[in-house]
1. Could you work out [θ]222 nm for the chain from helices alone, using -39500 (n - 2.57) per DSSP H run of at least four and dividing by all its residues? Round to the nearest 500 deg cm²/dmol.
2. Which of 81, 115, 135 moves the most in a Gaussian network model of the chain with Cα springs under 10 Å?
3. Against the longest alpha carbon principal axis of the chain, how many degrees, from 0 to 90 and to the nearest 10, is the axis of helix 3-29 turned?
4. From the square roots a ≥ b ≥ c of the eigenvalues of the alpha-carbon gyration tensor of region 3-84, which class results: rounded (a/c under 1.5), prolate (a/b over b/c), or oblate?
5. Helix 38-77: angle to the longest alpha-carbon principal axis of the chain, degrees 0 to 90, nearest 10?
6. Rounded, prolate or oblate: which one fits the chain, using the alpha carbon gyration tensor with axes a ≥ b ≥ c (rounded when a/c is under 1.5, else prolate when a/b beats b/c, else oblate)?
7. Would you mind computing, in nm to one decimal, how far apart the modelled labels at residue 41 and residue 22 are, each placed 7 Å from Cα along Cα→Cβ?
């Protein structure tokens, strides 16, 4: 199964899931609380969406891994290299590289800070002693200016 087929399937499953939610809401509005077997369909859809998302993540990691292995082999051989990346996948490499550039955290309170990338509020005990080098939520490299 190619990427376009997987993307099409994912969109179809998400569309069916929205329709099921609409049907359940309409049944509830009419006072019918029992889902009439929709839970089996929902479980099937959720399982397939999870499987397709895992497949997509595996493809993305394979591309990142491929580029990393090539760069490592060029470095070990002491040669310059040119990397060819599928244009549909360049954002994956770019996102991974950008996450490695430390961003200054925003102090919320004495013991909390906000990740500048994802906005997650994290605790650290003391803002001057941030023990995290990376946001525990999104993996963005972070630092605190003293």
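Values in this text are rule-based calculations from the coordinates and carry no lab data. Here the structure is a predicted model, which means the values were calculated and not measured. A quick note on method: Cβ atoms are made from the backbone with ideal geometry, for glycine too, and the neighbour counts reach across all protein chains shown.
1. Details: 3 runs with 76 residues, N = 146.
It comes out at -18500 deg cm²/dmol, rounded to the nearest 500.
2. Of the options given, 81 has the highest mean-square fluctuation.
3. 50
4. Values: a/c = 5.54, a/b = 4.57, b/c = 1.21.
Prolate, because a/c is 1.5 or more and a/b exceeds b/c.
5. Result, in degrees: 20.
6. Values: a/c = 3.83, a/b = 1.36, b/c = 2.82.
Because a/c hits 1.5 or more and a/b fails to exceed b/c, the chain counts as oblate.
7. 1.2
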